[in-house]
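Okay, so here's the structure we're looking at.
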Amino acid sequence: MSSESSVPAHRATANLTVTGAPAASTLGWASWAVFEWARNPYVILITIYVFAPYFSTQVVGDPVRGQALLGDANKYAGLMIALLAPLAGAIADRSGRRKPWIACFVVLMVPAMAALWFAMPAGEGMGVVPTLICIVVIAMCFEFGAVFHNAMLPHVAPATKIGFISGLAISLGNLAGLLLMVSVLYLLALPGTVDWAWVPSEAYFGIDQSRFEDARIVGPLTAIWLLLFGLPLLLFTPDGAAGVGIRSAVREGLSEVRATLRELPHYRNIATYLMARMIYNDGLVGILIFGGVYAAGIFGWGTVHMLLFGILMSAAAALGGYLGGWLDDRLGSKRTILVAVGGTSLLLCTGVSITPTEILFVIPYDASTTAPLWSAPYFNTLPELLYFCNGLGFAMFVTVAFASSRTMMARISPPTMTTQFFGLYALSGTATAFLGPWMVGAMTAAFASQRVGYASLLILFVVGFIGMLFVREERATSHRDRP
């Protein structure tokens, strides 16, 4: 009996990827997942909870103008990604190697992130424009890196674990953000602001809170984190075999993009998926961007509130990534996405029904005549607590949607064109990235209501949900795969 015939069929299948090739070792695919642990704190600490609010309110000095400038910066970064991501993916498919590209983007991101330390208020430091340039560079490199990182998934993950591994990566990313937020809160932000025995009396490492160093430090902190924990992927995750040279890859990549556009009718199912994902993804990104803004505006939450909120949201998101991977492997990616988008829609309706003076739109609440829930100065009214819990549900469903969306792309892409299609995947996540922020801003201004503006994201979820009903969870074939 041959050695191959002695291997049980289920074990042989378990060691193959969705492309039919041998899967990476546990160390290989685990190192792929750890890269999310390395890169995701940038999103949590810089984009959502710490640096972006600091930049808007302190560096710019005007929250409205600051939000507009950040919107413009992300718009220009999104435009460049939309134009170049499909081409970059096609080039990588022809060259066969993805890790050198990832390393290049990390090398560009690290100094730009570290430079955010010099973004200071009142015209000090490097000022508004250089800070915005750094933000654009980081955002572009982050998304381009995601194209190549995502495209490695179908080539390294065992087919029976691809949903789990994708969810694990998202969970690790959120756990890393959680760890760093707890550290910043305990060591740098809380000391000297509360009279709690377990909180240090002074910030660690000589951090001067009066100069906002507790917010500025997240730039160099996330840079060091990315550089350190990005190494396992580069050292232990197997890469594709070297293909053609870079010049040939560029030439053939351009031809490949043109050929893909000509063959769009053949990839109609993928196109339908990318269109649906583009719409509901704008809603998901809108939740991330405006969930904290809405809470800060409605409830008057400050920096410590937002850090506490972010810490628990990240913990819930980490759990959501794990549960989402479990559901994906059992229900399939399409059904899991429908559950996540539908759940997010319901939670959005619930979230906007809560204000300091009412619950579920119709139940009145008077904080002046109601005793606080506890003595701590954070989330001590019933509406705040309910919105806080609603936000935890948001974090779980949004994470599930992100993880299963990536797995869905891996499941339906042609095996020989995965990076190119993940380039289109990146395009679908950025081509209309302005839509959610534009819709929220326009509706807020039109109705002079933060609630109506935030609730308008429901339109994107409904349209995206309906679009997903027409998607089939089946792998496409390319001209390369045909006999």
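Where a ≥ b ≥ c are the square roots of the eigenvalues of the C-alpha gyration tensor, would you call the range 282-375 rounded, which needs a/c under 1.5, or, failing that, prolate if a/b is larger than b/c, or oblate?
Since a/c reaches 1.5 and a/b is larger than b/c, the shape of the range 282-375 is classed as prolate.
Sort 403-412, 227-236 by the packing proxy (mean of other Cβ within 10 Å over each peptide's residues), most packed first.
On the way: 403-412: 26.7, 227-236: 17.3.
Most protected by this proxy first, the peptides run 403-412, 227-236.
Can you tell me which of 33-40, 189-196 comes out highest on packing, and rank the rest after it, using the mean Cβ neighbours within 10 Å?
33-40, 189-196
If amide hydrogens are placed 1.01 Å from N in the peptide plane, which non-local residues have theirs closer than 5 Å to the one on R97?
Those qualifying (amide H under 5 Å, at least 5 residues apart or on another chain) are G243.
Under 27 Å from the Cα of K161, which lysines turn up, not counting those fewer than eight places away in the same chain?
Qualifying lysines at Cα under 27 Å: K99, K334.
Every read-out reported here was derived from the displayed coordinates using simple, explicitly stated rules and does not represent laboratory data. Quick caveat, the model's predicted, so the values are computed rather than measured. Neighbour counts are summed over all protein chains in view; Cβ atoms, including those assigned to glycine, are modelled from backbone coordinates with ideal geometry.
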